[in-house]
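Data block below; observations after.
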Amino acid sequence: MAEHPLADALDVEDIEKFEYPDADDPVRYEGIREKALEIRNRGYGVVMSSISAGIFELGGWLRGYANFYADLAGDPEMACKVMDKALEVKMKYWEKVLDIAGDLIDVVQEADDLGSQDRMLISPEMYRKYVKPRHKELFSFIHSKTDAKIFVHSCGSFREVIPDLIEVGVNIINPVQFNVNGMDSAGLKRDFGKDIVFWGGGVDTQRILPKGTVQEVKDCVKRQIEILAPGGGFVFNTVHNIQADVPPQNLVAMWEALQEYGKY
């Protein structure tokens, strides 16, 4: 993002009159059902992504992170207005998508980064007060329209609110960044494995995949499968996107280890 379009907003009226994406535009939805049918006919599951980043994350994008966090602490009416406008767009989007193809979609994908390397971006209490009610409204609406499972991507450390995410209807968390504070895979599997699916956490992408040896990559993949796979509820994936600096031999090692250890 080159700029934050609501960085200079002075009041909720400025936030209200901003021109948000038109979720009613029929062009957005052309071909969705046909594409979903094509994917199903090829034997694959259908994953449908959102119109934008998450309700909380969009607050930082639109207002600028310093402004948005200051709003949450000192002027929550401003922060809540931004999140409500994001929620409004998302509700319209998912209503259209799910009316068109809700019976064909297996996984609904949302993303809302809540964590950093060592802690949440806001306190758990602030999440529960301001963000959780909006997550609940969105996810409850989605569940009312489809049998699809709800996938939420959140980078970083957010263990404290995983029970809250489960409570508001999240079925799958991603990317399971197990090398950050509080996100130890064994603890997550032990405490939440009966209630949520882990989609990710297959291999560390910050150090092991780009900088580790072939053997370290294989060992990491084996260990993560042994922790997360028992009993089901695990979709192997890297912790995050594979970057350009990853040696090809490490990608091969990851794939070979997955083939060797990743079968039930």
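Only the coordinates and a few stated rules stand behind these numbers; no lab work does. None of these values were measured; they are calculated from a predicted model. Note that we place each Cβ from the backbone using ideal geometry, even for glycine, and neighbour counts take in every protein chain shown.
A few comments on the model shown:
- From least to most packed, judged by other beta carbons within 10 angstrom and beginning with the fewest, TRP255, TRP199 follow the order TRP255, TRP199.
- Note on ILE166 and GLU19: their simple-model spin labels are 4.6 nm apart, each label 7 Å out from Cα toward Cβ.
- For VAL197, the residues whose amide H sits under 5 Å from its own are ILE172, ILE173, ignoring neighbours fewer than 5 places away on the same chain, with H placed 1.01 Å from N.
- Put simply, the amide H of LEU121, placed in the peptide plane, has neighbours under 5 Å in GLY115, SER116, leaving out anything fewer than 5 places away on its chain.
- Of the Cα atoms belonging to the stretch 192-264, the radius of gyration and Dmax stand at 11.9, 36 Å.
- ³J(HN,Hα), Karplus 6.51/-1.76/1.60, whole Hz, each residue of the stretch 132-142, x for Gly, Pro: 4, x, 6, 4, 4, 4, 5, 6, 5, 4, 4
- Shape category assigned to the stretch 10-66 from the gyration tensor of Cα positions, a/c cut at 1.5: oblate
- Extension gain for ARG42 to LEU251 (0.36 nm times residue separation, less C-alpha to C-alpha distance): 72.6 nm.
- Under a Gaussian network description of the chain, with springs only between Cα atoms under 10 Å, the residue in GLY60, GLY43, GLY182 that fluctuates furthest is GLY43.
- Net dipole in debye of the chain [+1 Lys, Arg Cβ; -1 Asp, Glu Cβ; about Cα centre; nearest 20]: 1100 debye
- The mean sequence distance of close C-alpha pairs (under 8 Å, at least 6 residues apart), as a share of the length of the stretch 199-264, puts its relative contact order at 48 percent.
- For the chain, the relative contact order comes to 15 percent (Cα pairs under 8 Å, sequence separation of at least 6).
- If R0 is taken as 51 Å, the Cβ-Cβ distance between VAL214 and LYS145 corresponds to a FRET efficiency of 0.65.
- Euclidean distance between Cα centres, the stretch 193-256 to the stretch 20-59, Å: 27 Å
- Bridge orientation summary for the chain: considering DSSP beta bridges with both residues in this region, about 5 percent are antiparallel.
- Highest-fluctuation residue, PHE198, PHE158, PHE141 considered, GNM on the chain with Cα pairs under 10 Å: PHE141
- Each residue in VAL161, VAL180, VAL27, VAL108 was given a count of other beta-carbon atoms within 10 angstrom of its own, and listing them fewest first yields VAL27, VAL180, VAL161, VAL108.
- Computed over the stretch 46-174: relative contact order in percent, which uses C-alpha pairs under 8 Å that are six or more apart: 30 percent
- Separation of the GLN117 and GLU95 label points, Cα + 7 Å toward Cβ, nm: 4.3 nm
- When the stretch 1-149 is reduced to its Cα atoms, the Kirkwood hydrodynamic radius in Å: 16.6 Å
- Angstrom value of the Kirkwood radius, inverse mean 1/r, which spans all Cα pairs in the chain: 19.8 Å
- Pairs beyond 23 Å (Cα-Cα), from LYS35/LYS145; LYS35/LYS92; LYS35/LYS85; LYS96/LYS149; LYS85/LYS145: LYS35/LYS85
- For the stretch 58-63, the Karplus equation 6.51 cos²θ - 1.76 cosθ + 1.60, evaluated at θ = phi - 60°, returns couplings of 5, x, x, 5, 7, 8 Hz by residue, with Gly and Pro reported as x.
- The string of couplings for the stretch 241-247 from the Karplus curve (6.51, -1.76, 1.60, θ = phi - 60°) is 4, 6, 8, 5, 8, 7, x Hz, one whole number per residue in order, with x for Gly and Pro.
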